[in-house]
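Everything below concerns the one structure shown next.
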Amino acid sequence: MSGFDVAGWGMWVPETVVTSADLAQRFGVDEHWIVSRCGIRERRAVGAGQTTASMAVEAGRRALERAGLTGADIAHLIVATATPEQPSPATSAFVHDELGIAGSAHDVNSECAGFVYALVTAAGLMRMDPRPILVIGSDTHTQTANPADRDLSILVGDGAGAVVLTPGPVERIRAWNLGADGSCKNSLKVLAGGSRMPTTAETVAQGLHYAQINGNEIYLNAVRYTVRTIRETLEQAKVTAADVDHVVPHQANIRIINSVLSHTGIGPEKLVTNLERYGNTASGSIPIALAEALDSGRIKDGDTVLLAGFGAGMTWGSILLTWGGAR
Amino acid sequence: MSQIPTIEDLAQQLQAVSGAREIDADAALQHIADVDSLDLMEWLYGFQNQYPHIPADESLFADIDDTTTLRVVHERILALVPAEAN
């Protein structure tokens with residue numbers, strides 16, 4: 001047995017809503033400009049006591065409940081995040097403790113492509129060790145965006161999503177593709193806080209603990225590499241865009257998403273998006289959109305589902321799945 | 001398809017990508033209604049696919065200011081055209 005079922009899923013977002021009208025007032029721009037720039041009308045932001053790990057715990061708990069399992073049933077926990085709970089230990093340690101996970105725990109940091117990377121990693125683990133795996137994507141990029149940075153602040157939101165994989169007879173992944181181009185590492189970066197530039201009073205004073213984005217580079221490379229990874233995955237599966245029932249892309253910017261659809265020939269009616277309501281929740285974006293589409297009944301057992309993401313680094317990845325296995 | 005785009009080609013491409021009613025090749029790009037930096041990147045992505053022999057990248061717009069027009073961008077592109085394509 002080397003396949004898996006997607007036995008459960010869940011999502012969690014903070015209660016605090018930050019509207020584009022709020023940000024328009026803060027930055028002295030027109031609300032319409034924000035919405036036309038990125039397609040985002042509102043996003044959620046963590047409040048007191050809410051963190052990357054606490055959101056991951058809530059999403060994970062819901063996914064476990066949906067699957068009819070507890071933490072004691074989980075052999076492996078993978079948390080995709082680029083905004084960890086703290087530098088050390090891994091965010092997954094906090095989630096492991098809170099959910100009472102029995103097995104291993106590790107983080108994946110592939111930025112906004114993190115959930116796709118984590119899911120491929122989980123599928124590989126499942127082949128070697130066919131026991132339940134909890135995969136979570138969680139990020140709090142509102143905490144890494146400089147409050148004075150208009151271009152980044154209008155994009156980011158906080159949230160987490162999760163899936164539970166259990167061993168099953170069906171090989172649900174029909175094709176997958178992961179890639180990276182480290183020469184693009186400066187397109188979106190947080191300079192301070194690591195071994196290259198440890199945090200000091202000076203780095204904080206200079207705001208180097210905040211993310212810096214080159215929006216033009218990100219746009220161009222996001223379109224280029226997401227189109228490439230989707231084409232390669234569809235080709236590997238020997239299917240065309242017409243065979244895809246639903247595409248769940250990284251919810252980054254509606255203009256990137258529309259460009260990718262246009263260049264890959266995937267019809268807009270197949271797009272699963274909640275970008276308008278949550279903004280770019282990074283590693284959380286794909287599992288949150290998936291959970292909503294599953295809860296609403298839009299995605300059903302047997303559907304062909306394409307997940308595709310890209311992130312800083314650059315990293316990218318896509319997976320073509322035959323959906324199913326819910327309990 | 002010509003191996004070297006004319007300025008009219010560029011204007012048509014940018015118009016198609018942005019949905020702008022009109023592209024004046026001598027107007028500052030920053031002041032053309034309905035054209036923003038993401039439109040320029042979308043246009044560039046299409047350009048790179050259409051003219052792979054011309055090594056144009058986002059540096060075309062790296063120092064964009066009030067004096068940067070589509071004609072200026074066209075001149076920059078012409079400077080990038082490999083000699084054998086001329």
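The values are calculated or read from the model by the stated rules, or taken from the named source; none is laboratory data. What you are looking at is a predicted structure, and each value in this text was computed from that prediction instead of being measured. Neighbour counts are summed over all protein chains in view; Cβ atoms, including those assigned to glycine, are modelled from backbone coordinates with ideal geometry.
Take the residues in the stretch A:189-217 that are within 14 Å of chain B (Cβ to nearest Cβ) and out of contact with any Leu (no Cβ under 6 Å at 6 or more places or on another chain), then tell me which one is nearest to A:Cys38 (Cα to Cα). Before the answer, list the steps.
First, the residues of the stretch A:189-217 that are within 14 Å of chain B (Cβ to nearest Cβ): A:213-217.
Subsequent filtering for residues that are out of contact with any Leu (no Cβ under 6 Å at 6 or more places or on another chain) retains A:214-217.
Numbers: A:Asn214: 15, A:Gly215: 11, A:Asn216: 13, A:Glu217: 15 Å.
So the residue we want is A:Gly215.
Kindly indicate the residue of the stretch B:53-71 that is surrounded by 15 or more Cβ atoms within 10 Å (Cβ to Cβ) and of a type in the set (S, T, N, Q) and also nearest to the other protein chains (Cβ to nearest Cβ) among those meeting that condition.
The selected residue is B:Thr68.
Starting from the stretch B:34-52, keep only residues that are within 7 Å of chain A (Cβ to nearest Cβ), then list their pairs with residues that are outside any helix (DSSP H, G or I) and buried (at least 21 other Cβ atoms within 10 Å of the Cβ) whose Cβ atoms are within a distance under 9 Å, requiring at least 6 positions of separation or different chains.
Correct list of pairs: B:Leu38/A:Asn253.
Identify the single condition in (1) polar (S, T, N, Q); (2) within 14 Å of chain A (Cβ to nearest Cβ); (3) buried (at least 16 other Cβ atoms within 10 Å of the Cβ); (4) free of Cβ contacts under 8 Å to residues at least 12 places away in the same chain that B:Gln15 does not satisfy, given that it satisfies every other one.
Of everything listed in (1) polar (S, T, N, Q); (2) within 14 Å of chain A (Cβ to nearest Cβ); (3) buried (at least 16 other Cβ atoms within 10 Å of the Cβ); (4) free of Cβ contacts under 8 Å to residues at least 12 places away in the same chain, B:Gln15 misses just condition (2).
Quick check on my filter: what residues within the stretch B:19-33 are closer than 15 Å to B:Phe61 by Cβ and within 13 Å of chain A (Cβ to nearest Cβ)?
B:Leu29, the sole residue that qualifies.
Of the residues A:Ser92, A:Ser36, A:Ser20, A:Ser2, which single one is closer than 30 Å to B:Leu38 by Cα, away from chain B (no Cβ under 14 Å) and either surrounded by 21 or more Cβ atoms within 10 Å (Cβ to Cβ) or modelled with pLDDT under 95 (or both)?
Numbers: A:Ser92 fails: closer than 30 Å to B:Leu38 by Cα; A:Ser36 fails: away from chain B (no Cβ under 14 Å); A:Ser2 fails: closer than 30 Å to B:Leu38 by Cα.
Result of the check over A:Ser92, A:Ser36, A:Ser20, A:Ser2: A:Ser20.
What is the one condition in (1) within 14 Å of chain B (Cβ to nearest Cβ); (2) more than 28 Å from A:Trp9 (Cβ to Cβ) that A:Arg231 does not satisfy?
All conditions pass for A:Arg231, except number (2).
Condition check: surrounded by fewer than 19 Cβ atoms within 10 Å (Cβ to Cβ), at positive phi and not hydrophobic (A, V, I, L, M, F, W, C). Does A:Gly47 satisfy that?
Numbers: surrounded by fewer than 19 Cβ atoms within 10 Å (Cβ to Cβ): yes; at positive phi: no; not hydrophobic (A, V, I, L, M, F, W, C): yes.
Against the criterion (surrounded by fewer than 19 Cβ atoms within 10 Å (Cβ to Cβ), at positive phi and not hydrophobic (A, V, I, L, M, F, W, C)), A:Gly47 does not qualify.
Would you point out which residue out of A:Ile154, A:Ile136, A:Ile74 is touching a helix residue (DSSP H, G or I) at 6+ places or on another chain (Cβ under 8 Å) and either basic (Lys, Arg) or over 25 Å from A:Ile40 (Cβ atoms) (or both)? So that I can check it myself, show each step before the final result.
Values: A:Ile154 fails: either basic (Lys, Arg) or over 25 Å from A:Ile40 (Cβ atoms) (or both); A:Ile136 fails: either basic (Lys, Arg) or over 25 Å from A:Ile40 (Cβ atoms) (or both).
The unique qualifying residue is A:Ile74.
Residue check: is A:Arg277 within 14 Å of chain B (Cβ to nearest Cβ), surrounded by fewer than 24 Cβ atoms within 10 Å (Cβ to Cβ) and either touching a Leu at 6+ places or on another chain (Cβ under 6 Å) or among the charged types (D, E, K, R) (or both)?
On the way: within 14 Å of chain B (Cβ to nearest Cβ): no; surrounded by fewer than 24 Cβ atoms within 10 Å (Cβ to Cβ): yes; either touching a Leu at 6+ places or on another chain (Cβ under 6 Å) or among the charged types (D, E, K, R) (or both): yes.
No; evaluated as a whole, the condition is false for this residue.
Which of the residues that make up the stretch A:272-314 are of a type in the set (Asp, Glu) and under 17 Å from A:Val247 (Cβ atoms)?
So the first thing to find is which residues in the stretch A:272-314 are of a type in the set (Asp, Glu), and the list is A:276, A:292, A:295, A:301, A:303.
A:Glu276, A:Glu292, A:Asp303 - these are the residues of the stretch A:272-314 that are of a type in the set (Asp, Glu) and under 17 Å from A:Val247 (Cβ atoms).
Would you kindly identify the helices (runs of 4 or more DSSP H) lying entirely within the stretch A:212-327 that contain at least 1 residues that are of a type outside the set (A, V, I, L, M) and more than 16 Å from the chain's Cα centre (by Cα)? Steps first, answer last, please.
Numbers: elements: A:215-237, A:254-264, A:275-278, A:285-295.
Answer list for the stretch A:212-327: A:215-237, A:254-264, A:285-295.
Being within 19 Å of the chain's Cα centre (by Cα), not assigned by TED's automatic domain parsing to the domain that holds A:Asn186 and not basic (Lys, Arg) narrows it down to one of A:Leu77, A:Leu99, so name that one. Quick ask: steps written out before the conclusion?
On the way: A:Leu99 fails: within 19 Å of the chain's Cα centre (by Cα).
That would be A:Leu77, the only listed residue that is within 19 Å of the chain's Cα centre (by Cα), not assigned by TED's automatic domain parsing to the domain that holds A:Asn186 and not basic (Lys, Arg).
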